[in-house]
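One structure below.
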(Lines give C-alpha, C1' and ligand atoms only; values in the text may rest on other atoms or scores of the structure.)
Protein backbone atom coordinates (compact mmCIF):
# COMPACT_ATOMS: atom_id res chain seq x y z
CA UNK A 1 0.00 0.00 0.00
CA UNK A 2 1.31 3.44 -0.85
CA UNK A 3 2.39 5.44 2.19
CA UNK A 4 0.14 8.25 0.98
CA UNK A 5 -2.88 6.02 1.52
CA UNK A 6 -1.76 5.39 5.10
CA UNK A 7 -1.33 9.13 5.56
CA UNK A 8 -4.88 9.81 4.38
CA UNK A 9 -6.17 7.18 6.81
CA UNK A 10 -4.29 8.83 9.65
CA UNK A 11 -5.62 12.26 8.67
CA UNK A 12 -9.16 10.94 9.08
CA UNK A 13 -8.39 10.71 12.80
CA UNK A 14 -6.61 14.08 12.90
CA UNK A 15 -3.35 12.42 13.89
CA UNK A 16 0.12 13.47 12.84
CA UNK A 17 2.09 11.43 10.31
CA UNK A 18 4.11 8.48 11.56
CA UNK A 19 7.83 9.10 11.98
CA UNK A 20 10.26 6.69 10.30
CA UNK A 21 11.92 4.38 12.82
CA UNK A 22 15.40 5.38 11.68
CA UNK A 23 14.60 8.98 12.64
CA UNK A 24 15.30 7.83 16.21
CA UNK A 25 18.94 8.51 15.43
CA UNK A 26 18.08 12.19 15.39
CA UNK A 27 16.03 12.38 18.57
CA UNK A 28 12.57 12.33 16.96
CA UNK A 29 9.45 12.15 19.12
CA UNK A 30 7.46 8.93 18.68
CA UNK A 31 4.41 9.34 20.93
CA UNK A 32 2.15 8.91 17.89
CA UNK A 33 3.85 5.73 16.66
CA UNK A 34 6.59 4.71 14.27
CA UNK A 35 6.85 3.61 10.64
CA UNK A 36 9.13 0.64 9.90
CA UNK A 37 8.36 0.47 6.17
CA UNK A 38 11.30 0.57 3.78
CA UNK A 39 11.10 1.01 0.02
CA UNK A 40 11.64 -2.28 -1.78
CA UNK A 41 11.28 -4.37 1.37
CA UNK A 42 10.21 -8.00 1.06
CA UNK A 43 9.21 -10.92 3.26
CA UNK A 44 11.87 -13.31 1.97
CA UNK A 45 14.73 -13.95 2.38
CA UNK A 46 14.89 -13.26 6.09
CA UNK A 47 18.43 -11.94 6.23
CA UNK A 48 18.43 -9.04 3.77
CA UNK A 49 17.75 -5.38 4.51
CA UNK A 50 14.96 -4.74 4.90
CA UNK A 51 13.00 -7.97 5.10
CA UNK A 52 10.04 -8.41 7.42
CA UNK A 53 12.27 -10.26 9.86
CA UNK A 54 14.68 -7.32 10.06
CA UNK A 55 11.81 -4.89 10.52
CA UNK A 56 10.51 -7.00 13.39
CA UNK A 57 13.97 -6.99 14.97
CA UNK A 58 13.98 -3.20 14.64
CA UNK A 59 10.57 -3.04 16.31
CA UNK A 60 11.73 -5.18 19.24
CA UNK A 61 14.74 -2.93 19.71
CA UNK A 62 12.57 0.18 19.39
CA UNK A 63 10.10 -1.08 21.99
CA UNK A 64 12.84 -2.09 24.41
CA UNK A 65 14.59 1.27 24.16
CA UNK A 66 11.31 3.19 24.32
CA UNK A 67 10.28 1.51 27.56
CA UNK A 68 13.77 1.95 28.97
CA UNK A 69 13.96 5.65 28.14
CA UNK A 70 10.32 6.24 29.05
CA UNK A 71 10.92 5.00 32.57
CA UNK A 72 13.90 7.28 33.07
CA UNK A 73 13.89 10.80 34.43
CA UNK A 74 15.89 12.38 31.61
CA UNK A 75 14.67 14.80 28.98
CA UNK A 76 13.80 11.97 26.55
CA UNK A 77 11.09 10.55 28.79
CA UNK A 78 8.18 12.20 26.98
CA UNK A 79 9.33 11.33 23.48
CA UNK A 80 8.50 7.62 23.42
CA UNK A 81 5.62 5.16 23.67
CA UNK A 82 4.59 3.65 27.01
CA UNK A 83 3.82 -0.01 27.64
CA UNK A 84 0.08 0.76 27.42
CA UNK A 85 0.78 2.60 24.19
CA UNK A 86 2.33 -0.49 22.62
CA UNK A 87 -0.57 -2.62 23.85
CA UNK A 88 -3.23 -0.29 22.45
CA UNK A 89 -1.36 0.52 19.23
CA UNK A 90 -2.64 -0.39 15.79
CA UNK A 91 -0.16 -2.62 13.95
CA UNK A 92 -0.53 -2.08 10.20
CA UNK A 93 1.06 -4.70 7.96
CA UNK A 94 1.35 -4.42 4.18
CA UNK A 95 3.99 -6.64 2.62
CA UNK A 96 4.32 -9.42 0.04
CA UNK A 97 3.92 -7.71 -3.33
CA UNK A 98 7.65 -7.20 -3.75
CA UNK A 99 8.27 -10.91 -3.16
CA UNK A 100 6.00 -11.80 -6.06
CA UNK A 101 7.41 -9.05 -8.25
CA UNK A 102 11.02 -10.03 -7.52
CA UNK A 103 10.29 -13.65 -8.41
CA UNK A 104 8.88 -12.73 -11.82
CA UNK A 105 11.70 -10.21 -12.37
CA UNK A 106 14.28 -12.96 -11.86
CA UNK A 107 12.73 -14.87 -14.73
CA UNK A 108 10.81 -17.39 -12.65
CA UNK A 109 7.74 -18.91 -14.24
CA UNK A 110 4.24 -18.54 -12.86
CA UNK A 111 4.40 -21.99 -11.23
CA UNK A 112 7.79 -21.24 -9.67
CA UNK A 113 6.47 -17.95 -8.29
CA UNK A 114 3.32 -19.35 -6.72
CA UNK A 115 5.37 -22.08 -5.02
CA UNK A 116 6.97 -19.30 -2.95
CA UNK A 117 3.62 -18.01 -1.67
CA UNK A 118 3.19 -20.50 1.22
CA UNK A 119 6.63 -19.48 2.56
CA UNK A 120 5.72 -15.80 2.32
CA UNK A 121 2.40 -16.36 4.08
CA UNK A 122 4.05 -18.42 6.82
CA UNK A 123 6.56 -15.63 7.43
CA UNK A 124 3.80 -13.03 7.74
CA UNK A 125 1.87 -15.30 10.08
CA UNK A 126 4.95 -15.70 12.27
CA UNK A 127 5.41 -11.92 12.21
CA UNK A 128 1.89 -11.29 13.47
CA UNK A 129 2.33 -13.86 16.25
CA UNK A 130 5.64 -12.26 17.17
CA UNK A 131 4.00 -8.85 17.50
CA UNK A 132 1.25 -10.49 19.54
CA UNK A 133 3.85 -11.97 21.88
CA UNK A 134 5.30 -8.45 22.20
CA UNK A 135 1.89 -7.30 23.47
CA UNK A 136 0.20 -6.19 20.22
CA UNK A 137 -3.54 -6.84 20.09
CA UNK A 138 -4.83 -4.74 17.21
CA UNK A 139 -3.85 -5.65 13.65
CA UNK A 140 -4.75 -4.05 10.33
CA UNK A 141 -3.63 -6.34 7.48
CA UNK A 142 -3.64 -5.23 3.83
CA UNK A 143 -3.61 -7.74 1.03
CA UNK A 144 -1.62 -6.93 -2.09
CA UNK A 145 -2.86 -4.95 -5.06
CA UNK A 146 -3.11 -5.87 -8.76
CA UNK A 147 0.58 -6.13 -9.52
CA UNK A 148 -0.13 -6.89 -13.16
CA UNK A 149 -1.72 -3.46 -13.68
CA UNK A 150 1.39 -1.43 -12.82
CA UNK A 151 2.85 0.40 -15.84
CA UNK A 152 6.33 -0.67 -14.76
CA UNK A 153 5.48 -4.37 -15.00
CA UNK A 154 3.50 -3.98 -18.20
CA UNK A 155 6.37 -2.18 -19.92
CA UNK A 156 9.01 -4.72 -18.89
CA UNK A 157 7.21 -7.95 -19.78
CA UNK A 158 7.71 -8.98 -23.41
CA UNK A 159 5.21 -11.81 -23.81
CA UNK A 160 2.10 -10.27 -22.28
CA UNK A 161 -0.85 -12.38 -21.15
CA UNK A 162 -3.35 -9.56 -20.78
CA UNK A 163 -6.78 -9.70 -19.18
CA UNK A 164 -9.85 -7.76 -20.37
CA UNK A 165 -8.58 -4.52 -18.83
CA UNK A 166 -5.05 -4.79 -20.20
CA UNK A 167 -3.35 -6.08 -17.02
CA UNK A 168 -0.95 -9.02 -16.80
CA UNK A 169 -3.17 -11.99 -15.97
CA UNK A 170 -0.43 -14.21 -14.51
CA UNK A 171 0.87 -11.47 -12.21
CA UNK A 172 -2.61 -10.73 -10.91
CA UNK A 173 -3.38 -14.42 -10.53
CA UNK A 174 -0.30 -14.82 -8.32
CA UNK A 175 -1.37 -11.77 -6.32
CA UNK A 176 -4.83 -13.28 -5.81
CA UNK A 177 -3.38 -16.60 -4.63
CA UNK A 178 -1.27 -14.68 -2.13
CA UNK A 179 -4.36 -12.79 -0.97
CA UNK A 180 -6.31 -15.99 -0.47
CA UNK A 181 -3.53 -17.36 1.72
CA UNK A 182 -3.32 -14.12 3.70
CA UNK A 183 -7.08 -14.10 4.26
CA UNK A 184 -6.86 -17.69 5.49
CA UNK A 185 -4.18 -17.01 8.10
CA UNK A 186 -6.12 -13.98 9.35
CA UNK A 187 -9.13 -16.22 9.92
CA UNK A 188 -6.93 -18.81 11.62
CA UNK A 189 -5.27 -16.28 13.90
CA UNK A 190 -8.62 -14.78 14.94
CA UNK A 191 -9.44 -18.19 16.38
CA UNK A 192 -6.08 -18.75 18.05
CA UNK A 193 -5.45 -15.21 19.31
CA UNK A 194 -8.87 -14.69 20.84
CA UNK A 195 -8.15 -11.38 22.55
CA UNK A 196 -6.74 -9.87 19.36
CA UNK A 197 -8.57 -7.86 16.70
CA UNK A 198 -7.38 -8.76 13.19
CA UNK A 199 -8.82 -6.83 10.25
CA UNK A 200 -8.16 -7.97 6.68
CA UNK A 201 -8.41 -5.22 4.04
CA UNK A 202 -9.05 -6.09 0.39
CA UNK A 203 -6.75 -3.54 -1.25
CA UNK A 204 -6.76 -5.61 -4.46
CA UNK A 205 -10.48 -5.16 -5.02
CA UNK A 206 -10.24 -1.43 -4.41
CA UNK A 207 -7.31 -0.83 -6.75
CA UNK A 208 -8.54 -3.12 -9.52
CA UNK A 209 -11.84 -1.27 -9.45
CA UNK A 210 -9.98 1.95 -10.29
CA UNK A 211 -8.60 0.24 -13.41
CA UNK A 212 -11.80 -1.52 -14.45
CA UNK A 213 -13.99 1.54 -13.86
CA UNK A 214 -11.48 4.27 -14.65
CA UNK A 215 -13.93 6.41 -16.62
CA UNK A 216 -16.32 6.57 -13.68
CA UNK A 217 -13.52 7.95 -11.51
CA UNK A 218 -12.41 10.47 -14.12
CA UNK A 219 -9.13 8.73 -14.95
CA UNK A 220 -7.77 8.56 -18.48
CA UNK A 221 -5.26 5.96 -19.66
CA UNK A 222 -5.44 3.96 -16.40
CA UNK A 223 -2.35 1.89 -17.25
CA UNK A 224 -0.13 4.85 -18.12
CA UNK A 225 2.24 6.59 -15.70
CA UNK A 226 1.93 10.35 -15.28
CA UNK A 227 5.68 10.83 -14.72
CA UNK A 228 8.07 8.87 -16.92
CA UNK A 229 9.37 8.43 -20.43
CA UNK A 230 8.13 6.70 -23.55
CA UNK A 231 4.59 7.97 -24.00
CA UNK A 232 1.74 5.59 -24.65
CA UNK A 233 0.76 3.02 -23.71
CA UNK A 234 2.61 2.93 -20.36
CA UNK A 235 5.02 5.91 -20.29
CA UNK A 236 7.62 3.90 -18.42
CA UNK A 237 11.25 3.25 -19.28
CA UNK A 238 13.49 1.53 -16.75
CA UNK A 239 16.47 3.62 -17.92
CA UNK A 240 14.68 6.97 -17.73
CA UNK A 241 12.43 6.76 -14.70
CA UNK A 242 10.49 9.62 -13.15
CA UNK A 243 12.79 12.41 -11.98
CA UNK A 244 15.70 11.47 -14.22
CA UNK A 245 16.90 13.63 -17.09
CA UNK A 246 14.62 13.14 -20.07
CA UNK A 247 11.54 12.14 -18.08
CA UNK A 248 8.34 14.14 -18.39
CA UNK A 249 5.38 14.88 -16.13
CA UNK A 250 1.79 14.89 -17.39
CA UNK A 251 -0.23 18.09 -17.16
CA UNK A 252 -3.21 16.54 -15.39
CA UNK A 253 -1.87 14.33 -12.62
CA UNK A 254 -5.33 14.07 -11.10
CA UNK A 255 -6.49 12.24 -14.24
CA UNK A 256 -3.95 9.43 -13.75
CA UNK A 257 -3.92 6.44 -11.41
CA UNK A 258 -0.18 5.80 -11.57
CA UNK A 259 2.32 8.52 -10.71
CA UNK A 260 5.63 6.94 -11.73
CA UNK A 261 4.69 3.48 -12.95
CA UNK A 262 4.86 1.95 -9.46
CA UNK A 263 3.26 4.35 -6.99
CA UNK A 264 -0.21 5.85 -7.18
CA UNK A 265 -1.03 9.53 -7.59
CA UNK A 266 -2.41 11.55 -4.68
CA UNK A 267 -5.85 11.49 -6.31
CA UNK A 268 -5.86 7.71 -6.64
CA UNK A 269 -4.54 7.24 -3.11
CA UNK A 270 -7.27 9.49 -1.73
CA UNK A 271 -9.91 7.28 -3.36
CA UNK A 272 -8.23 4.12 -2.06
CA UNK A 273 -8.14 5.55 1.47
CA UNK A 274 -11.79 6.60 1.27
CA UNK A 275 -12.80 3.09 0.26
CA UNK A 276 -10.64 1.51 2.96
CA UNK A 277 -12.33 3.69 5.57
CA UNK A 278 -15.79 2.84 4.19
CA UNK A 279 -15.56 -0.64 5.79
CA UNK A 280 -16.95 -2.23 2.59
CA UNK A 281 -13.60 -3.92 2.00
CA UNK A 282 -12.84 -4.90 5.61
CA UNK A 283 -13.20 -8.34 7.14
CA UNK A 284 -14.78 -8.11 9.63
CA UNK A 285 -16.26 -4.65 8.90
CA UNK A 286 -14.68 -2.36 11.50
CA UNK A 287 -14.55 1.45 11.60
CA UNK A 288 -11.03 2.80 11.65
CA UNK A 289 -11.76 4.94 14.72
CA UNK A 290 -12.48 1.71 16.67
CA UNK A 291 -8.73 1.48 17.19
CA UNK A 292 -8.66 4.81 19.01
CA UNK A 293 -10.44 3.29 21.98
CA UNK A 294 -8.46 2.05 24.93
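Yes or no, residue by residue, for (1) free of Cβ contacts under 8 Å to residues at least 40 places away in the same chain; (2) within 11 Å of residue 151 (Cα to Cα); (3) more than 22 Å from the chain's Cα centre (by Cα):
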site	(1), (2), (3)
225	no, yes, no
235	no, yes, yes
243	yes, no, yes
247	yes, no, yes
266	no, no, no
### Message
Among the residues that make up region 134-154, is at least one of them within 19 Å of residue 35 (Cβ to Cβ), assigned to a helix (DSSP H, G or I) and in contact with a helix residue (DSSP H, G or I) (Cβ under 6 Å, 6 or more places away or on another chain)?
### Response
no
### Query
Can you find even one residue in region 166-180 that is in contact with a strand residue (DSSP E or B) (Cβ under 7 Å, 6 or more places away or on another chain) and assigned to a loop (DSSP other than H, G, I, E, B)?
no
### Message
Checking the conditions here, which among 124, 206, 211, 199 is surrounded by 18 or more Cβ atoms within 10 Å (Cβ to Cβ) and within 25 Å of residue 61 (Cβ to Cβ)?
### Response
124
### Message
Would you confirm whether or not region 261-270 contains a residue that is at pLDDT 95 or above, farther than 30 Å from residue 138 by Cα and surrounded by 21 or more Cβ atoms within 10 Å (Cβ to Cβ)?
### Response
yes
### Query
Quick check: is even one residue across region 67-90 surrounded by 13 or more Cβ atoms within 10 Å (Cβ to Cβ), touching a strand residue (DSSP E or B) at 6+ places or on another chain (Cβ under 9 Å), within 19 Å of residue 174 (Cβ to Cβ) and at pLDDT 90 or above?
no
### Message
Which numbered condition in (1) free of Cβ contacts under 8 Å to residues at least 60 places away in the same chain; (2) assigned to a helix (DSSP H, G or I) is the only one that residue 125 fails?
### Response
(1)
#### Entry: Which numbered condition residue 286 misses (of (1) touching a helix residue (DSSP H, G or I) at 6+ places or on another chain (Cβ under 9 Å); (2) part of a loop (DSSP other than H, G, I, E, B); (3) touching a residue at least 24 places away in the same chain (Cβ under 8 Å))
(1)
## Note on the structure
When region 94-118 is checked residue by residue, the ones that are within 12 Å of residue 142 (Cβ to Cβ), touching a helix residue (DSSP H, G or I) at 6+ places or on another chain (Cβ under 7 Å) and outside any helix (DSSP H, G or I) are 95, 96
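In region 197-280, which helices (runs of 4 or more DSSP H) lie fully inside it and hold 2 or more residues that are under 25 Å from residue 158 (Cβ atoms)? First the steps, then the outcome.
On the way: elements: 203-212, 214-217, 266-277.
The helices (runs of 4 or more DSSP H) meeting that bar are 203-212.
Before we move on, is residue 292 more than 21 Å from residue 145 (Cα to Cα) and at pLDDT below 95?
yes
The values are calculated or read from the model by the stated rules, or taken from the named source; none is laboratory data. Values in this document were obtained by computation on a predicted structure and should not be read as measured data. Cβ: placed from backbone, ideal geometry, glycine included. Neighbour counts: every protein chain shown.
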